[in-house]
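*Asks:* Please read through the structure below; I'll follow up with questions.
The values are calculated or read from the model by the stated rules, or taken from the named source; none is laboratory data. Keep in mind it's a predicted model, so treat the numbers as computed, not measured. Backbone-built Cβ (ideal geometry, glycine too); neighbour counts: all protein chains shown. Ligands, DNA and RNA are excluded from the accessible area calculation, which covers all protein heavy atoms including side chains. Shrake-Rupley method; radii C 1.70, N 1.55, O 1.52, S 1.80 Å.
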Amino acid sequence: DAMVIQNPRYQVTQFGKPVTLSCSQTLNHNVMYWYQQKSSQAPKLLFHYYDKDFNNEADTPDNFQSRRPNTSFCFLDIRSPGLGDAAMYLCATSRGTTGKADTQYFGPGTRLTVL
Amino acid sequence: GQSLEQPSEVTAVEGAIVQINCTYQTSGFYGLSWYQQHDGGAPTFLSYNALDGLEETGRFSSFLSRSDSYGYLLLQELQMKDSASYFCALPRGATNKLIFGTGTLLAVQP
């Protein structure tokens with residue numbers, strides 16, 4: 001059974017047209033993360049939520065926003081996608097256990113194409 | 001800041017043993033994790049070391065030396081399905097967000 005679900009799996013948008021990616025989880029985990037992964041690169045953390053507390057990475061562009069309306073769902077909004085935003089976007093969850101091994105569970109990702 | 005360096009590519013043959021190294025720099029250490037990612041797939045957790053020494057999980061083992069800021073992932077009895085990218089990662093902060101290494105692409109040949 002899928003534990004971290006991302007929709008859609010593939011998204012095509014036009015340059016400058018807002019797009020929203022969604023993530024849901026059935027694990028009841030406290031923390032939800034959004035990563036951007038470009039071809040042949042490591043996943044790069046954009047931001048994460050611990051419950052309702054939003055934590056932005058210092059180098060995440062303002063063009064990227066996120067919402068977490070409840071424990072199960074988290075959204076990534078790209079307000080004005082540029083060609084450089086074409087990437088795989090990965091959602092992950094974890095319990096958020098402080099200072100201990102805390103496995104992250106990743107969704108299958110949404111591949112974003114910007115035309 | 002934090003950084004992790006890995007070899008970009010490793011090639012090995014089926015049935016062999018391969019070691020993927022990871023050196024890191026960090027101001028505070030909570031452990032070193034390893035993730036596997038097949039092409040087009042999601043990263044999946046493999047192993048975690050908080051203390052020095054070897055952790056074994058089936059064909060995969062992970063080693064850590066905190067004094068050397070170094071770890072490695074050891075894959076034994078390689079199979080074709082082990083062809084994937086492997087990332088070491090540092091859990092950081094109260095929510096264990098991950099800072100990923102540069103990644104190593106493992107190609108297993110017949």
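*Asks:* I'm checking my understanding of the structure. Among residues of region A:80-115 that are free of Cβ contacts under 8 Å to residues at least 12 places away in the same chain and among the β-branched types (Val, Ile, Thr), which one is most open to solvent (accessible area, probe 1.4 Å)?
*Replies:* So, considering only residues that are free of Cβ contacts under 8 Å to residues at least 12 places away in the same chain and among the β-branched types (Val, Ile, Thr), the one most open to solvent (accessible area, probe 1.4 Å) is A:THR98.
*Asks:* Go through region B:20-52 residue by residue and tally those that are under 18 Å from B:PHE87 (Cβ atoms), open to solvent by 80 Å² or more (accessible area, probe 1.4 Å) and out of contact with any Pro (no Cβ under 7 Å at 6 or more places or on another chain).
*Replies:* 2
*Asks:* A follow-up question, please. Pick out, from region A:1-72, the strands (runs of 3 or more DSSP E) lying fully within it that include 2 or more residues that are within 14 Å of chain B (Cβ to nearest Cβ) and surrounded by 12 or more Cβ atoms within 10 Å (Cβ to Cβ). Steps first, please.
*Replies:* Details: elements: A:4-7, A:10-13, A:19-25, A:31-37, A:44-50, A:53-56, A:64-67.
Correct list: A:4-7, A:19-25, A:31-37, A:44-50, A:53-56.
*Asks:* Further, regarding this structure: List the pairs whose first member sits in region A:52-79 and is closer than 20 Å to A:LEU27 by Cβ, whose second member is open to solvent by 80 Å² or more (accessible area, probe 1.4 Å) and in a loop (DSSP other than H, G, I, E, B), and whose Cβ atoms are under 7 Å apart, counting only residues at least 6 apart or on separate chains?
*Replies:* Listed pairs, sorted by first residue: A:ARG68/A:LYS52; A:THR71/A:ASN28.
*Asks:* Any residue in region B:88-107 that's free of Cβ contacts under 8 Å to residues at least 40 places away in the same chain and facing another protein chain (nearest Cβ under 7 Å): show its pairings with residues that are part of a strand (DSSP E or B) and open to solvent by 40 Å² or more (accessible area, probe 1.4 Å) at Cβ separation under 8 Å, as long as the two are six or more apart or on different chains.
*Replies:* So the pair list comes out as B:ALA94/A:TYR50; B:THR95/A:TYR50; B:THR95/A:ASN55; B:LYS97/A:ASN55.
*Asks:* Which numbered condition trips up B:GLU55, out of (1) modelled with pLDDT of 95 or more; (2) open to solvent by 60 Å² or more (accessible area, probe 1.4 Å)?
*Replies:* Single failed check for B:GLU55: (1).
*Asks:* Residue by residue through region B:58-88, note down the ones that are touching a helix residue (DSSP H, G or I) at 6+ places or on another chain (Cβ under 7 Å) and open to solvent by 60 Å² or more (accessible area, probe 1.4 Å).
*Replies:* To start, the set of residues in region B:58-88 that are touching a helix residue (DSSP H, G or I) at 6+ places or on another chain (Cβ under 7 Å) comprises B:75.
None; the set is empty.
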